[in-house]
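One structure is given here, and the rest of the page talks about it.
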Amino acid sequence: MNEIKTDRQEFYDRIGAHNMAPLWEVLHGLVTREPVSPVQPTVWHYDELRPFIMEAGKLITAREAERRVLILENPGMRGQSQITRSLYAGLQLILPGEVAPAHRHTQSALRFVIEGHGAFTAVNGERTVMSPGDFVITPSWTWHDHGNDSDAPMVWLDGLDIPLITMLDASFAEPANAEQQLVSRPEGDALKRFGNALFPVDWESQGRASPIFNYPYVRSRETLEALRRAEGPDPAQGWKLRYVNPANGDFAMPTIGTFLQLLPAGFATNPYRSSDATVFVVVEGAGETRIGDVVLPWRAHDVFVVPSWASHTHHAGPEAVLFSFSDRPVQQKLGLWREQRTA
Ligand code: GTQ
């Protein structure tokens with residue numbers, strides 16, 4: 001037995017010198033029967049984080065930092081700037097009068113506004129002034145800068161596909177010549193132009209992301225209410241919406257799927273799991289999510305993560321609204337995505 005072991009080890013050493021390794025020693029760690037993930041179910045409580053975010057505002061300016069963000073790192077993958085294996089998340093602070101200078105990169109970004117009114121993001125020559133609950137997109141390779149002309153701090157959650165782009169070694173980035181891009185279109189132009197199921201007759205899509213880059217919360221919330229009036233809640237998900245690119249019916253972003261769901265007061269969902277690890281942001285209400293033995297209590301502004309293929313239930317206290325995002329579009333395009341409901 002030992003002889004076999006030393007024979008094999010001696011063989012591994014010799015092939016190792018040629019940059020080779022035996023598959024049979026690692027096969028079942030590579031090709032697992034089900035997802036085996038370092039991602040841990042975790043909640044970040046905003047009331048605990050907020051003082052640190054404001055402290056960061058005294059340590060460094062948005063201009064010097066370029067993006068003043070505190071990264072939310074999954075405890076199963078510290079030091080890797082990952083909240084899930086494919087996604088990055090962070091909380092970005094822009095103080096009154098500040099500018100986060102223009103740049104562009106191949107990574108796609110979403111912003112989900114947590115607090116503050118009146119700061120803006122500019123994308124492709126249009127500024128959008130943001131409010132809590134707004135879902136804002138910065139598509140891949142588009143110039144973007146952020147600024148705050150209001151008199152209060154603004155904090156939003158950044159969700160980016162950074163780990164995915166890193167894995168593909170497809171990161172390109174560059175700073176702009178000017179700190180802020182020229183504004184060439186009036187505010188609200190994109191939403192008017194593309195948000196009413198009417199497109200300019202000869203318009204052709206420039207990219208894969210939605211031409212709408214701010215999905216305002218007031219409108220999304222209205223849609224949830226319309227659903228609630230029309231039909232009962234799904235037992236596993238309550239009333240749940242998918243943000244859509246109106247040009248093609250696909251997800252609003254090519255690499256990140258985004259969702260908004262309403263859980264009525266006291267509602268407990270049936271167990272559900274899917275192969276896309278999901279980041280949730282609590283928009284309204286309070287409750288908890290149970291994942292095996294782990295209970296994640298949450299309230300408005302908190303962020304929590306459910307790992308891939310982890311069966312979970314949501315329990316709303318008062319009525320709750322959850323925004324969420326995951327790599328579902330990528331998995332679906334590759335024919336990988338699975339979900340399972342157990343009554
Ligand atoms: O706002 O462009 O959280 O480039 C990380 C990288 C935000 C941004 C982040 C970024 C940005």
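Here, each number is a calculation from the coordinates, and none is a lab measurement. As the structure is a computational prediction, the values presented were derived from the model and not from experiment. We place every Cβ from the backbone using ideal geometry, glycine too, and count neighbours over all the protein chains shown.
Largest GNM mean-square fluctuation among 281, 113, 26, using the chain with Cα springs under 10 Å: 26.
Under the definition of Cα pairs under 8 Å and six or more residues apart, what whole-number percent is the relative contact order of the chain? The value is 16 percent.
Listing 144, 103, 315, 18 from fewest to most neighbouring C-beta atoms within 10 Å gives 18, 103, 315, 144. Charge dipole of segment 3-46 (Cα centre as origin; +1 on each Lys and Arg Cβ, -1 on each Asp and Glu Cβ, all else neutral): 160 debye, rounded to the nearest 20. Rounded to the nearest 20, the size of the Cβ-charge dipole of segment 255-331 about its Cα centre is 120 debye, with Lys and Arg at +1 and Asp and Glu at -1. Mean projection of the Cα convex hull over all viewing directions, computed for the chain: 22.3 nm². Given their separation in residues at 0.36 nm each and the Cα-Cα distance between them, residue 45 and residue 173 gain 42.9 nm when the chain is fully extended.
Applying 1/(1 + (r/R0)^6) with R0 = 25 Å to the Cβ-Cβ distance of residue 286 and residue 226 gives a FRET efficiency near 0.55.
Spin-label model, residue 26/residue 270: points 7 Å from Cα along the beta carbon direction are separated by 4.1 nm. Loop-located chymotrypsin sites (Phe, Trp or Tyr not before Pro) across segment 115-197 with a Cβ neighbour count of 12 or fewer within 10 Å are 172, with loop assigned by DSSP.
A simple packing score, the average count of other Cβ atoms within 10 Å per residue, orders the peptides 239-249, 78-88 as 78-88, 239-249, with the highest score first. Please check: in the Gaussian network model of the chain (C-alpha springs, under 10 Å), which one of 92, 180, 206 has the largest mean-square fluctuation. Of 92, 180, 206, the Gaussian network model singles out 206 as fluctuating most.
Placing unit charges on the Cβ atoms only, positive for Lys and Arg and negative for Asp and Glu, gives the chain a dipole magnitude near 620 debye about its Cα centre. Placing a pseudo-label 7 Å from each Cα along the Cα-to-Cβ vector at residue 339 and residue 244 gives an inter-label distance of 1.5 nm. Where only DSSP H runs of four or more residues are counted, the chain gives -5500 deg cm²/dmol as its mean residue ellipticity at 222 nm, each run worth -39500 (n - 2.57). Build a GNM of the chain with springs between Cα atoms under 10 Å apart, and of 149, 293, 158 the one that fluctuates most is 293.
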